[in-house]
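Enquirer: Quick one: this structure, given as structure tokens, is what I'll be asking you about.
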Amino acid sequence: MTTAPPTAPHTSPGCTHTPPCPTADAPDRDSARLTTHRPEQGWSRLCNGVLLFEDTGELLPDGQIVDPHRGPVVTTATR
């Protein structure tokens, strides 16, 4: 019987990138590498299984939805 080597707690399972991509539940999950990019459909998939949408919303591999997290709207005064 063989066992898989232990993975670092901040490593995505199956990730072969160096440095390894963060897991889907890590605070910096959005920094994982792109594996699929579909701009015509408005989404991308990261190495850790997270789906990113063009509105900045996310769908995590376990089905959790992350609401869009855009910054505040900045307006300029017109004269």
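Enquirer: Ranked by Cβ crowding within 10 angstrom, fewest neighbours first, how are Val73, Val50, Val66 ordered?
Expert: Lowest to highest Cβ neighbour count: Val73, Val66, Val50.
Enquirer: Once label points are set 7 Å from the Cα along Cα→Cβ at both Thr56 and His17, what is their separation, rounded to one decimal in nm?
Expert: 2.0
Enquirer: Which residues among the stretch 15-41 fall inside the zone where the amide N is under 16 Å from a point 7 Å beyond the Cα of His69, along Cα→Cβ?
Expert: Label zone hits: 22-33.
Only the coordinates and a few stated rules stand behind these numbers; no lab work does. Note that the structure is predicted; figures quoted are calculated from it, not measured. Cβ sites come from the backbone with ideal geometry, for glycine too, and all protein chains shown count toward neighbours.
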